[in-house]
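Report on the structure given below.
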Amino acid sequence: MPHDESHGMSTRSVHAGWEPDPATGAVKRPLVMANSYVLPSDGNYDETLYGYARDLNPNARWLEERLLALEGGEDCVVTASGVSAINGTFLALLSAGDHLICSDISYISVRTMLLEHFPSRFGIQTTLLDTSDPEVVQAAIQPNTKLIHIETPGNPTTRISDIAAIAAIAHAHGALLSVDSTWSGLTTQSPLALGADLVEHSISKYINGHGDALGGAVFGKKSLIDVIRKFVVKDMGACISPFNAWQIMRGVATLPIRMERHNANAMQVAQFLETAPGVAWVRYPGLKSHPNHAVAAQQMQGFSGMLNFDLVDPSKRADFISKLKVFVHAVSLGHDESLIFVYNDYNGSEFFRVSIGIEDASDLIADITQALAAI
Ligand SMILES: Cc1ncc(COP(=O)(O)O)c(C=O)c1O
């Protein structure tokens, strides 16, 4: 159902993509697991109608409508996972001989695709560099540069890249800018308004919010989303399951209030870590000490829930994790519960990557305090 653009983010997150079920009057969208749909008897069938669930299914479309009302853009396509949304976008838009610039800090499967598969197997040239410096990006542009992809905040180091500055560089050269905005949790930044052409999310993370379903999404101009939808969902078959779409749509209803808590909790934990005994350093985009704080403060409204820190004695990392009682030792992010694990920045430097959840900040700080004391 079209959303009311005058409504605020919280109202849109609850109402967009929703209407009472016409068959039953149910006040929640049903889960429609059918693989195929009855076709019109006059044979007038096109891809805007439901025909086969891989191409489009009602739960996927209702989720797309809700997400579109939050992120913006002319259209949105949801996919099986964040990785299929991002790598699928590259494969849908790039051909042999094209050049892609990407942050050298990005999600591991994106990095692996660019380093291990693109140049040698598909003839797509890739340059991985520090996108937090627009001049470095500018210097890497080639005549065949078709796409610049940034992840901001970047996984795992929370690197921030200047979306508006890099959009200007891309457009001056006729290239597109794609932004993986997963770590922003959607509510804290609007890449399309800052000039990005495409935005991707792993909707397995903050957007679902409960760590119990996988999905991805891409937003942008309809002409681009049509190409990506056909390639990724129809031709590659990386469609979201109706159940995951239904589950994630339920999660989206609380995204704005959850993000308020993630933002506030992470700021409190980061400030605590700055002076906690036994902690060597902390990196959080909301702290003045973060190397890209100025850009983060300019382009984000809230700094999301991801941070890094390390111990004065790194040999005690495993011991520290074993002493935590509230934080869960696990990968992923954007869940209700706080998550911690040891990550590296691909250059051999290791640290804790922490996803601050929506628990009481005082309990998170007390948990860290007792674990630090115990080691
Ligand atoms: C920034 C970012 N992009 C993409 C992904 C991949 O998402 P998914 O696990 O849904 O494929 C992740 C997963 O951690 C991520 O952190």
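Read-outs: derived from the displayed coordinates by stated rules, not from any lab. The shown structure was predicted, so the numbers you read here are calculated from the model rather than taken from an experiment. A quick note on method: Cβ atoms are made from the backbone with ideal geometry, for glycine too, and the neighbour counts reach across all protein chains shown.
Lys-Lys pairs in the chain that are eight or more residues apart or on separate chains and whose Cα atoms lie under 22 Å of each other come to 8. If you bin all the Cα-Cα distances of segment 14-172 at 10 Å, starting from zero, the percentages per bin are 9, 28, 28, 19, 13, 2. For the chain, modelled as a Gaussian network with Cα springs under 10 Å, which listed residue fluctuates most, 151, 359, 200? Looking only at 151, 359, 200, the biggest GNM fluctuation is shown by 359.
Between the helical axis of 242-252 and the longest alpha-carbon principal axis of the chain there is an angle of about 50 degrees. Diffusion coefficient (Stokes-Einstein, Kirkwood radius over C-alpha pairs, 4 °C, 1.567 mPa s) for segment 255-374: 90 µm²/s, rounded to a whole number. The charge dipole of segment 1-66, taken about its Cα centre with unit charges on the Cβ of Lys, Arg, Asp and Glu (plus for the first two, minus for the last two), comes to roughly 340 debye. Expressed as a whole number of Å, what is the distance separating the alpha-carbon centroids of segment 28-102 and segment 106-184? Centre-to-centre distance over Cα atoms comes out at 24 Å. Placing a pseudo-label 7 Å from each Cα along the Cα-to-Cβ vector at residue 14 and residue 136 gives an inter-label distance of 4.4 nm. Put simply, the amide H of residue 279, placed in the peptide plane, has neighbours under 5 Å in 312, leaving out anything fewer than 5 places away on its chain. Ordering 183, 62, 281, 18 from the fewest to the most neighbouring beta carbons within 10 Å gives 281, 18, 62, 183. Between residue 81 and 216, the built amide H atoms are under 5 Å apart, and every one of these is 5 or more places off in sequence or on another chain. On C-alpha positions alone, give me the angle between the axis of helix 163-172 and the longest principal axis of the chain, in degrees, nearest 10. The helix 163-172 is inclined about 50 degrees to the chain.
Axis angle, to the nearest 10 degrees, between helix 82-93 and the longest C-alpha principal axis of the chain: 60 degrees.
Each part gets one Cα centre, and for segment 322-375 versus segment 272-307 those centres are 15 Å apart.
What is the calculated FRET efficiency for residue 362 to residue 337, with r their C-beta to C-beta distance and R₀ = 22 Å, to the nearest 0.05? So the FRET efficiency works out to roughly 0.90.
Quick one: order 306, 113 by neighbouring beta-carbon count within 10 Å, fewest to most. Mind dumping the intermediate values first?
Details: 306 29, 113 21.
So the residues, fewest neighbours to most, are 113, 306.
At q = 0.10, 0.11, 0.15 Å⁻¹, work out log10 I(q)/I(0) for the chain with the Debye formula, treating every Cα as an identical point scatterer and leaving solvent out; two decimals please. Log10 I(q)/I(0), no solvent term: -0.64, -0.77, -1.32.
Applying the Karplus relation 6.51 cos²θ - 1.76 cosθ + 1.60 with θ = phi - 60° to segment 58-73 yields 3J(HN,Hα) values of x, 5, 4, 5, 5, 5, 4, 4, 5, 5, 4, 5, 9, 8, x, x Hz, where x marks Gly and Pro.
The 3J(HN,Hα) values that the Karplus relation (6.51, -1.76, 1.60; θ = phi - 60°) gives for segment 3-18 are, in residue order, 8, 8, 5, 7, 6, x, 4, 5, 5, 4, 5, 8, 9, 5, x, 10 Hz. Gly and Pro appear as x.
Taking the Cβ of residue 133 as the centre, find all other residues whose Cβ is under 12 Å away and add up their charges (Lys, Arg: +1; Asp, Glu: -1).
Computed value for this residue: -3.
The residues 135, 274, when put in order of fewest to most other Cβ atoms within 10 Å, stand as 135, 274.
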